[in-house]
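Working notes, beginning with the structure itself.
The values are calculated or read from the model by the stated rules, or taken from the named source; none is laboratory data. Everything numeric in this text was worked out from a predicted model, so none of it was measured. Virtual Cβ from ideal backbone geometry, glycine too; neighbours counted across all protein chains shown.
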Amino acid sequence: MSTRILTEFELLTPNTIPEALSILNEFRDNVIPIAGGTDVLVAMKFGFSTEYAMSISAIPDLDYLSFDPNKGLRIGANATISQILDSKAVKQHYPALWQSAKIFATPQIRNSATLIGNLLRASPAGDCSCAVYALGGSIVLVSQQGEREVDIDDLWISYQNTERRSDELAIELRIPAPEPAGRSAFKRLTRVNEDLAKLNVAVNLVMDGDKCTHARLAMGCVAPTPLRLRATEKLLIGQTLDGSVLKRVMASVKEEINPIDDQRSTAEYRKSVSGVFLRRAIEQACDIS
Amino acid sequence: MTEFRTVGKSEIKIDVKAKVTGRAVYAADINLPGTLHAKIVRCYEHAHAKVKSLDLSEAAKIPGVVKVFAPEDLTTKFYNQSVIDIMVSEDMRGMLGDIEDQKILTDHVKHYGDGIAAIVATTEEAAERAAERIKVEYEPLPVYLNATESSQDGAVQFTPQKPRNMAFELPEPAFPNNTLGWGDADEGFKEADIIVEDNFYTSKQKQAQMEPNSYIALYDDDGLLSCWTSTQMPKSVQPKIAKLFNLPMSRVRIIQTVVGGGFGARLGMVLEPHICALAMALPGHPIKVQSPREEDWLTSPSRHPGDYWMKMGFKKDGTPVACDAKFVNYKGGYYLDGSGVAFTTGGWVSGLYKFGALRYKGESYFTNQPVCGAYRGYGNPQTNFVLEQLVDRACHELKIDPVEWRKKWHKDVGDDGWCAGVPYASCALDEVLDEGAKAIDWKAKREKYAQQTGVKRRGVGVAVMVHTSGAMPMLLEHTVCTVRLNEDATAVVAFACSDMGQGSHTTLRQIAAETLGFPLEDVSLSVGDSNDAGYDIGAHASRTLYVGGGAVMAACKDALKQLLERAATMLEANPDDLEIEDKQIFVKGSPDRKVAASEICSGGVYPFLNPQTGAPDTIPGQILGYSSFNPMHNSPPFGACFVELEVDTETGEIKLIEMVNGHDIGRAINPAVVEGQLEGGAQQGLGMALTEELYFSTDGKVLNNTFTDYKMLGPSDMPKITNVIIENPDPHGPFGAKSVGEAGLVAPVGATANAIYNAIGIQITDLPITPEKILKALNEKHAA
């Protein structure tokens, strides 16, 4: 049950990355890093407790979003969803990400929530997580031991668990440079417009004329973590995206997902619309009507 | 064109600036010096259980805790948080049986979130920490989540007075065979060429008003118990609190704070008994309780869910020969106003169409769910969902246009109303239907959508409704109003009518200004403190403008009469020959023979003695108008709603396109307020139809008492809305006005279901109509 009084915790507000890393090193599993706080603080209202919470919002120069046509997109740990939405480069080169940011929660939450926070909370329903999964990329984790880059494919381990060690801080998301013939799209199903997804899907395709040469497909709310549809991807590669291919894709996705009944929908419904939704995302990405 | 000064104008609502700027003072904003904070400890382990042991000792040790309370530490008198007991005559009360079945704290948990203990501490935080230390042992009991389960043989009895856990059925003495209606339905069905019949389920919808529940109480050194509350019914709460604590009403003061929405959730009491009991236990200390939002779903009453069966027979030409219906509602853990919805749900069936015969049964059964009570519409949306879908099913079979059928068969002026014995005095439903159909382009769209193919299917649907203005003759109707004229001929109008955001204080002020012939700014209101105004039953049953307006009008007429009588004496004229304009009173036809209202009012307040005569030069006495008003009618408003939507047949998703709300208002005192009511109602009606439902685990735990998972439509979900307001003055309402408070919610429920039926040829019989249910039904239809 909820409470009007948050459980007690010590709030730590480092001003530099080394300070933050020292805190993480000291308190490890007893500290939770917070950027926008839009998810952690709500969880606290419903029983989640922590000894220490470390806000990284006072660390300067982590709120960047930079795009280089050759190197791709780099997004700092304090960059908000609103910043994603304000970026012309994201809108033009990474439509799936931009579309997922556009419907993300509400304006107030978009102003506070961060993209990296969304990824690190590891919710199977995260809209931006789904988009980023399809786009591909990596997360830069730093600790007092040094820096490492974790591929987005390896980030989510299980429900709400990630590859991040408790002494590490996620400081940057890197998304590869857009392919000239790349196309992406994001779609989701909700109960009302401003809502958590009951199903979300993102596609990232590279086309050579009519032919698909590369495909990354991601779906959310159908497994304990965001899910990459690897088997279904294979059905697209080297194919012209005609009706028969799309039919096979639609049949395949049902076999790849493992949804459950929950507050937002049923397993049966998710299975039955997963193919339609994936097809529509592909059609949206490729302007097929 | 209007001959009125302020009636008919969209005057700005008087509370709007304070609310928009955040300056409005809600109960939560009030912090009296020395306030202590209370926490009601609730059972979240079980939905049905006996408390075997309760250990508060560790909780009492938490620093800052002032006192901890087990059930027996507060009054253990039974009460009923609703107000049905004070609204009906003794005879009627006798038919309801014992309906006081609640205690402030309980050792028999009847629903998830029932209150078992209380803590008062110097801070909310200390109270919260102490609550975590309470040790409880429960004896779990079987959980009943519907009427079938709770009425079975051997089920645990909720209260000894109600066998089989049947809280209510239409009582035999007033309703032969426990039924409501007319004619012989069985005979009627024999004449039918077609019969439509189905079982429906209507869901547990919550008002989810914006303001969460906060209360303050103080039992002061003078022995006065004051309670600050945003109840819809301050003058009904006052005698109920007095009775519960054995106090004379002179020792109980209810101060109504700004009400952040009610919709029935604040009809009667919620936590007033708790906060007053704690204040009585700790005299001299203001005690405040602020519930988390999530507790509102568990403690204030919701709409009644239930099983609704209906059967209707029609001749080939559409003649509705008979209707048979039964609504079995799931009452929740306690009685509240258990008789009301069981009765009115049938009343709304009886009020709408000219069936050859009607037989309706209504029953309420206790269940292990949070309580049900009033929610905007009071049984009418449930009936609309069922009745209007079956009418459309029959129209489809008979190939009759649904608008034409409704125009032909709805009840009209002179027909018996929703409560037998009160015939309709006005009805503009034909015009509402015609104008509404025109606004949505009904005929063209129906023809066009009959031909469509493809994945996305459009549909347009209609539903009509009749509601009420006030609760007579079923319940007491009474409002008292006083009008005091200041010495400068401005007026102070005092009443206890509630403004829950619906705009009633604004519109009642307009009625006062219009009746007095004063500019709006010359009328101020005295509202809020139960001791400052006479009786008013409270805001419910769409009564405030209608009954309160009647009371305001009568009191203003009384003040005006006194003013004119004095003017007549001063002008040596007959009062009937006088007119008032711009606060000047003059003899008709002789504008020079005049006296200013302010001169009369001032002379009344300052009757200085003339030294020569030893008598006052002016007529002494401040003018005080008064009314103690009981309406003679309930002037039901009719309404028609048209909904256009699009169904995605691959996903079951519904996109709302357009809506037309037609309403038979009688007279729109303030058109913007009328539109606000219609659109606010539409949001809740569409929510009921499409998304809103409180649901439970099999062991009775509420799974979605948060806005994360209790989904209401937001602004971006709403369709384009056109309001069609038809003014056809009613002979009884103030300036011809009828109600609109609840009405806007009703017909959107049936119209949405009928639009879906029009789009895909499927009627969904369980609320809410989710994409999951639509897709399943489409797949089944496809397979068949």
Please give the strands (runs of 3 or more DSSP E) falling wholly within region B:168-219 in which 3 or more residues are of a type in the set (Val, Ile, Thr), over 30 Å from B:Thr257 (Cβ atoms) and not assigned by TED's automatic domain parsing to the domain that holds B:Gly332. B:194-202
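Restricting to region B:544-578, and then to whatever is β-branched (Val, Ile, Thr) and within 17 Å of B:Gln510 (Cβ to Cβ), can you tell me which residue is surrounded by the most Cβ atoms within 10 Å (Cβ to Cβ)? Step through it out loud before you land on a result.
Here is the first cut: in region B:544-578, the ones β-branched (Val, Ile, Thr) are B:544, B:547, B:552, B:569.
Next, only the ones that are within 17 Å of B:Gln510 (Cβ to Cβ) stay: B:544, B:547, B:552.
On the way: B:Thr544: 30, B:Val547: 28, B:Val552: 34.
Among them, the one singled out is B:Val552.
Restricting to region A:175-197, name every residue that is more than 9 Å from chain B (Cβ to nearest Cβ), buried (at least 18 other Cβ atoms within 10 Å of the Cβ) and more than 14 Å from the chain's Cα centre (by Cα). Steps first, answer last, please.
First, the residues of region A:175-197 that are more than 9 Å from chain B (Cβ to nearest Cβ): A:175-188, A:197.
Retained after the next criterion (residues that are buried (at least 18 other Cβ atoms within 10 Å of the Cβ)): A:175, A:178, A:182-188, A:197.
Selection gives A:Pro178, A:Gly182, A:Arg183, A:Ser184.
Does region B:629-639 include one or more residues that are touching a residue at least 24 places away in the same chain (Cβ under 8 Å), part of a strand (DSSP E or B) and under 30 Å from B:Pro771 (Cβ atoms)?
Step one: list which residues in region B:629-639 are touching a residue at least 24 places away in the same chain (Cβ under 8 Å), which gives B:629-639.
Now narrow it down to the ones that are part of a strand (DSSP E or B): B:629, B:638-639.
Applying the additional criterion that residues be under 30 Å from B:Pro771 (Cβ atoms) yields B:639.
Yes, there is a match, as at least one residue in region B:629-639 is touching a residue at least 24 places away in the same chain (Cβ under 8 Å), part of a strand (DSSP E or B) and under 30 Å from B:Pro771 (Cβ atoms).
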Only one residue in B:Ala541, B:Ala512 is more than 23 Å from B:Lys9 (Cβ to Cβ) and buried (at least 23 other Cβ atoms within 10 Å of the Cβ), so which one is that? B:Ala541
Before we move on, is B:Ile774 within 14 Å of chain A (Cβ to nearest Cβ), buried (at least 19 other Cβ atoms within 10 Å of the Cβ), among the β-branched types (Val, Ile, Thr) and farther than 23 Å from B:Gly681 by Cβ? yes
Being closer than 28 Å to B:Gln207 by Cβ, polar (S, T, N, Q) and either without any contact (Cβ under 8 Å) to a residue 60 or more places away in the chain or part of a helix (DSSP H, G or I) (or both) is the filter here, so list the residues in region B:728-784 that pass it. B:Thr752, B:Asn754
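Quick one: which strands (runs of 3 or more DSSP E) sit completely within region B:552-616 and have at least 3 residues that are touching a helix residue (DSSP H, G or I) at 6+ places or on another chain (Cβ under 6 Å) and not small (Gly, Ala, Ser)? So that I can check it myself, show each step before the final result.
Working: elements: B:578-581, B:584-587, B:590-596.
Ranges flagged: none.
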Would a scan of region A:122-135 turn up a residue that is closer than 30 Å to A:Ser55 by Cβ, within 14 Å of chain B (Cβ to nearest Cβ) and surrounded by fewer than 24 Cβ atoms within 10 Å (Cβ to Cβ)? yes
When (1) in contact with a Pro (Cβ under 9 Å, 6 or more places away or on another chain); (2) under 30 Å from A:Ile23 (Cα atoms); (3) not aliphatic (A, V, I, L, M) are applied to A:Asn200, the one that fails is (2)
Which residue is nearest to B:Gly377 (Cα to Cα), if the candidates are limited to region B:284-313 and must be within 14 Å of another protein chain (Cβ to nearest Cβ) and part of a strand (DSSP E or B)? B:Gln290
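Among the residues of region B:447-476, count how many are surrounded by 24 or more Cβ atoms within 10 Å (Cβ to Cβ) and in contact with a helix residue (DSSP H, G or I) (Cβ under 7 Å, 6 or more places away or on another chain).
To start, the set of residues in region B:447-476 that are surrounded by 24 or more Cβ atoms within 10 Å (Cβ to Cβ) comprises B:459-470.
Filter once more, so that each one left must be in contact with a helix residue (DSSP H, G or I) (Cβ under 7 Å, 6 or more places away or on another chain): B:459-467, B:469-470.
So the count comes out to 11.
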Strands (runs of 3 or more DSSP E) wholly inside region B:447-498 containing at least 2 residues that are of a type in the set (Gly, Ala, Ser) and within 28 Å of B:Lys407 (Cα to Cα): B:456-466
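Based on this model, can you work out whether B:Val464 counts as assigned by TED's automatic domain parsing to the domain that holds B:Ala753, in contact with a Gly (Cβ under 8 Å, 6 or more places away or on another chain) and in contact (Cβ under 8 Å) with a residue 24 or more places away in the chain? So that I can check it myself, show each step before the final result.
Values: assigned by TED's automatic domain parsing to the domain that holds B:Ala753: yes; in contact with a Gly (Cβ under 8 Å, 6 or more places away or on another chain): yes; in contact (Cβ under 8 Å) with a residue 24 or more places away in the chain: yes.
When the stated conditions are applied, B:Val464 passes them.
Listed here are the residues, each with its yes/no results for (1) under 19 Å from the mean Cα position of the chain (by Cα); (2) within 30 Å of B:His478 (Cβ to Cβ); (3) in contact (Cβ under 8 Å) with a residue 40 or more places away in the chain.
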{"site": "B:Gly614", "(1), (2), (3)": "no, no, no"}
{"site": "B:Glu658", "(1), (2), (3)": "no, no, yes"}
{"site": "B:Ala668", "(1), (2), (3)": "no, yes, yes"}
{"site": "B:Ala672", "(1), (2), (3)": "no, yes, yes"}
{"site": "B:Gly680", "(1), (2), (3)": "yes, yes, yes"}
{"site": "B:Asp709", "(1), (2), (3)": "no, no, no"}
{"site": "B:Met712", "(1), (2), (3)": "yes, no, yes"}
{"site": "B:Pro715", "(1), (2), (3)": "no, no, no"}
Among the residues of region A:133-147, which ones are free of Cβ contacts under 8 Å to residues at least 60 places away in the same chain and in contact with a strand residue (DSSP E or B) (Cβ under 9 Å, 6 or more places away or on another chain)? A:Ser138, A:Ile139, A:Val140, A:Leu141, A:Glu147
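Scan region B:5-27 and give yes if some residue there is polar (S, T, N, Q) and surrounded by 13 or more Cβ atoms within 10 Å (Cβ to Cβ), otherwise no.
Quick first cut of region B:5-27, residues polar (S, T, N, Q) only: B:6, B:10, B:21.
Now narrow it down to the ones that are surrounded by 13 or more Cβ atoms within 10 Å (Cβ to Cβ): B:6, B:10.
Within region B:5-27, one or more residues are polar (S, T, N, Q) and surrounded by 13 or more Cβ atoms within 10 Å (Cβ to Cβ).
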Test B:Gln683 against the stated conditions and say whether it is away from chain A (no Cβ under 14 Å), at pLDDT 95 or above, out of contact with any Lys or Arg (no Cβ under 9 Å at 6 or more places or on another chain) and assigned to a helix (DSSP H, G or I). no
For residues in region A:241-272 being touching a Cys at 6+ places or on another chain (Cβ under 9 Å) and at the interface with chain B (Cβ under 10 Å from one of its Cβ atoms), which is nearest to A:Leu196 (Cα to Cα)? A:Arg264
B:Pro381 meets each of (1) crowded, with 22+ Cβ neighbours inside 10 Å; (2) over 26 Å from the mean Cα position of the chain (by Cα) with one exception, condition (2)
For residues in region B:694-739 being under 27 Å from B:His304 (Cβ atoms) and away from chain A (no Cβ under 14 Å), which is surrounded by the most Cβ atoms within 10 Å (Cβ to Cβ)? B:Lys738
Any chance B:Tyr424 is of a type in the set (Phe, Trp, Tyr) and surrounded by 24 or more Cβ atoms within 10 Å (Cβ to Cβ): no
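Taking the options B:Ala28, B:Ala47, B:Ala24, B:Ala18, name whichever one is among the small types (Gly, Ala, Ser), within 14 Å of chain A (Cβ to nearest Cβ) and closer than 17 Å to B:Thr257 by Cβ. Give the derivation first.
Working: B:Ala47 fails: closer than 17 Å to B:Thr257 by Cβ; B:Ala24 fails: within 14 Å of chain A (Cβ to nearest Cβ); B:Ala18 fails: within 14 Å of chain A (Cβ to nearest Cβ).
Sole residue among the options that is among the small types (Gly, Ala, Ser), within 14 Å of chain A (Cβ to nearest Cβ) and closer than 17 Å to B:Thr257 by Cβ: B:Ala28.
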From (1) of a type in the set (Ser, Thr, Tyr); (2) in contact with a Cys (Cβ under 9 Å, 6 or more places away or on another chain); (3) free of Cβ contacts under 8 Å to residues at least 12 places away in the same chain, pick out the condition that doesn't hold for B:Thr453. (2)
